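Reviewing the structure listed below.
The values are calculated or read from the model by the stated rules, or taken from the named source; none is laboratory data. Given the structure is predicted, the values throughout are model-derived calculations rather than measurements. Cβ sites come from the backbone with ideal geometry, for glycine too, and all protein chains shown count toward neighbours. Remember, those area values only see protein heavy atoms, side chains included, never the ligands or the DNA or RNA. Shrake-Rupley method; radii C 1.70, N 1.55, O 1.52, S 1.80 Å.
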Amino acid sequence: MSDARISLGMRAEAWLARGALALLRRLGPVRSSNLAGGFCRVVGPLLPVSKVADTNLRLAMPELDTSARRRIVRGVWENLGRTVGEFPHIASLRENTPEGPGFEVVGAEHLLAQARRGGPALFVSGHIGNWEMLPPAVARHGVGFASFYRAASNPLVDRLIRDLRDKAMADPLPLFPKGAEGAKAALRWVSNGGRLGLLMDQKMNDGIKARFFGQPAMTAPALAFMALRLKCPVIPGYVQRLGPARLRIVVEAPLELPASGNRQADVTLLTQTINDRLEHWIRTRPESWLWLHRRWPREVMATAQHG
């Protein structure tokens, strides 16, 4: 976007964003995480979008009472705030520090095996814990992956975000735009031996119907199509929060690829397997997932709202 098309409002927004980042950097990773997490824990539940989270929880986990749902929603906001507060510090976090800020990797042997094996691979996760730590942590084990990316509406703010992500990666990799063109570019990348990471926990209206928390959920089939077409490993993983700016990346063994001979059935089965892994991780720590987006179809959500 040319300078002429950048409005005064965009410039003001970018100025505020730079100021906030400068403050978070000065605070250091722990105090930055605590400040942003505490602020969001108090303010977030007051915002209208928290009603979406409550409806999602009633739909997905009907055994929870009102107080349990409120506790989880507060935890969701705190985790989101901490993720934002830690974002400027991701590049400085070190692996296997004995205490304080840093990260550890459980299941690193699966990353090392992929590094030795070489060739295309797909990494699958969701908006769990501090999901921004996944790309740089995996890259430090020799298997960095490209990702899909939805650009911020303000190009000046978008540049700030991309600069932080590039700084966290020793070797910046492509960020494909969401949409048809980005999907084609990502398929070419993987077909040529590249690695790609996908967050598979958001609704895709033109996806396929798979169960998620026992309810039908439209789910993107692209990962399953690519994995079965290229017969490449699908490696699941997610992030656990251990404390302020202290994270654990959990990497699991590659998923078994179905091979029934019926391509559509295999795509559906692999997509369902991924949803099942996501659900398992989320049930273990429900406050660590981003319950704020509308994951299920409108008619399913309406049932929960009036149930």
Restricting to the chain, compute how many DSSP beta bridges are antiparallel as a %, nearest 5.
40 percent
Straight-line reach from Lys167: which lysines have Cα under 23 Å away, leaving out those fewer than 8 places along the same chain?
Lys178
Give, to the nearest whole percent, the P(r) tail of segment 157-270 beyond 16 angstrom, counting all Cα pairs.
71 percent
Over segment 122-220, with every protein chain in place, what whole percent of the accessible area is carbon and sulfur at 1.4 Å, could you tell me?
53 percent
Is segment 3-88 rounded, prolate or oblate when judged by the Cα gyration tensor, a ≥ b ≥ c being the square roots of its eigenvalues, rounded requiring a/c under 1.5 and prolate requiring a/b larger than b/c?
oblate
For Arg283 and Asn262 in one chain, what is 0.36 nm times their gap in residues minus the Cα-Cα distance, to one decimal in nm?
4.4 nm
Which helices count as membrane-span-like in the chain under these terms: full DSSP H, at least 15 Å along the axis by C-alpha, Kyte-Doolittle mean of 1.0 or more?
none
Jot down the per residue volume, in cubic angstrom and as a whole number, of the convex hull over the alpha-carbon atoms of segment 141-197.
73 Å³
Okay, helix-only estimate at 222 nm for the chain: each DSSP H run of n ≥ 4 adds -39500 (n - 2.57), divide by all residues, round to 500 deg cm²/dmol; what do you get?
-16000 deg cm²/dmol
Cα pair distances of the chain binned at 20 Å [whole percent]:
30, 61, 9
Using a probe of 1.4 angstrom, how much of the accessible area of segment 39-113 is carbon and sulfur, in percent?
60 percent
Run the reach check for Lys51 against lysines, Cα to Cα strictly under 23 Å, same-chain hits fewer than 8 apart removed. What comes back?
Lys203
Ordering of 5-17, 53-65 by burial proxy (mean other Cβ atoms within 10 Å per residue, highest first):
53-65, 5-17
Relative contact order as a percentage, segment 76-186, C-alpha pairs under 8 Å and 6+ apart, gives 26 percent
Can you work out the accessible area per residue across the chain, with the rest of the protein chains kept in place, probe 1.4 Å, in square angstrom?
49 Å²
